[in-house]
Amino acid sequence: MELEESGRKVLEVLVSHLCKVAPGKPETYLGYKFIHHALNLRYLGPTWGESLKNQGLGVLAGWTCKNKLPGITGIIINTDSYRPGKGYFNLFGKDEEDYSWWTDEVKKSKNFDWSPYIYEEFNLKPVDLSAPNREDVTISRIIRDSKLSVKVKTFNNCECQICGLALEMPAGKKYAEAHHIQPLGEPHGGPDVIENMICVCPNHHAMLDYGAIELVTENITSKNGHVISAQFIKYHNENVYWP
Ligand SMILES: [Zn+2]
């Protein structure tokens with residue numbers, strides 16, 4: 001029943017999007033390319049579908065089939081044809097034209113409780129993370145909310161460590177974002193550790209991402225023992241900050 005990490009990551013993107021999926025309306029489903037971007041995957045070719053198949057989709061689809069779970073991978077479609085690849089139908093032993101079966105699997109996927117198979121942060125309740133449920137930002141925000149980013153925000157009471165602002169949201173919630181000071185992934189290769197993270201307001205997040213500001217240790221507020229390592233601040237100032 002264990003789901004390999006690559007498959008779990010794809011599943012998390014799908015589950016976090018399920019609330020917006022309308023069964024039988026493929027325009028509400030997700031493209032292969034979209035999943036690549038959501039997970040920061042490399043395009044391995046020869047098509048977006050094949051590339052994703054080798055980076056978690058194949059694992060996830062095989063796992064759902066083997067364990068007789070709903071065929072949730074059917075919400076990933078080719079955005080030219082608005083259909084899943086043939087492989088989806090073949091895997092489950094279905095005819096490639098069997099749209100009613102496909103729609104049924106999507107319906108079942110929406111009603112199924114996936115929470116035992118994914119990390120809790122990716123559950124269907126992103127609002128609990130203090131984020132407003134704005135359609136266009138939901139996906140990227142949920143993905144960014146790893147356990148560590150929740151922690152860095154909690155430590156700092158959702159207050160920007162640069163300007164002190166905590167955005168007030170409905171129902172008394174506060175909103176902030178977690179930023180990796182030495183960015184993750186190519187070409188920076190920063191580590192996913194709390195010492196490399198800072199809790200910021202959306203304005204300061206954008207300014208850090210675009211290298212518009214320098215980080216000055218003395219001006220950064222830290223709460224509850226959250227310590228940012230000097231090496232990452234140095235990295236930002238030397239490699240990301242663009243005076
Ligand atoms: Zn700020």
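Quick note: the coordinates plus some simple rules give every number you see, no bench work behind them. Note that this is a predicted model, so its numbers are computed, not measured. Virtual Cβ from ideal backbone geometry, glycine too; neighbours counted across all protein chains shown.
Roughly how many Å is it from the Cα centre of the range 165-215 to that of the range 74-119, as a whole number?
About 35 Å separates the Cα centre of the range 165-215 from the one of the range 74-119.
Under 5 Å between amide H atoms, partner at least 5 residues away or on a different chain: which partners does LEU165 have, H built in plane at 1.01 Å?
Hits under the 5 Å cutoff: CYS160.
How big is the chain in terms of Cα radius of gyration and Dmax, in angstroms?
Expressed in Å, the Cα Rg and Dmax of the chain come to 20.0, 64.
In whole Å, what are the extents of the range 5-120 along the principal axes defined by its C-alpha atoms, from largest to smallest?
Principal axes ranked by extent give 33, 33, 26 Å for the Cα atoms.
Counting other beta carbons within 10 Å of each Cβ, put TRP114, TRP102 in order, fewest first.
TRP114, TRP102
Could you tally up the Lys pairs in the range 145-240 with alpha carbons closer than 18 Å? Skip any pair fewer than 8 positions apart unless they're on separate chains.
Number of lysine pairs found: 9.
Where both residues lie in the chain, what percent of DSSP beta bridges are antiparallel, nearest 5?
Bridges in the chain that DSSP calls antiparallel: roughly 80 percent.
Of PHE232, CYS201, TRP242, which is farthest along the charge dipole of the range 146-243 in the positive direction, counting Lys and Arg as +1 and Asp and Glu as -1 at C-beta?
Selected residue: CYS201.
How many percent of all Cα-Cα pairs in the range 145-240 sit more than 21 Å apart?
The proportion of pairs with Cα distances above 21 Å equals 24 percent.
Can you list the residues, at least 5 places off or on another chain, whose amide H is less than 5 Å from the amide H of ASN78, using H built in the peptide plane?
Long-range HN contacts for ASN78: ARG83, GLY85.
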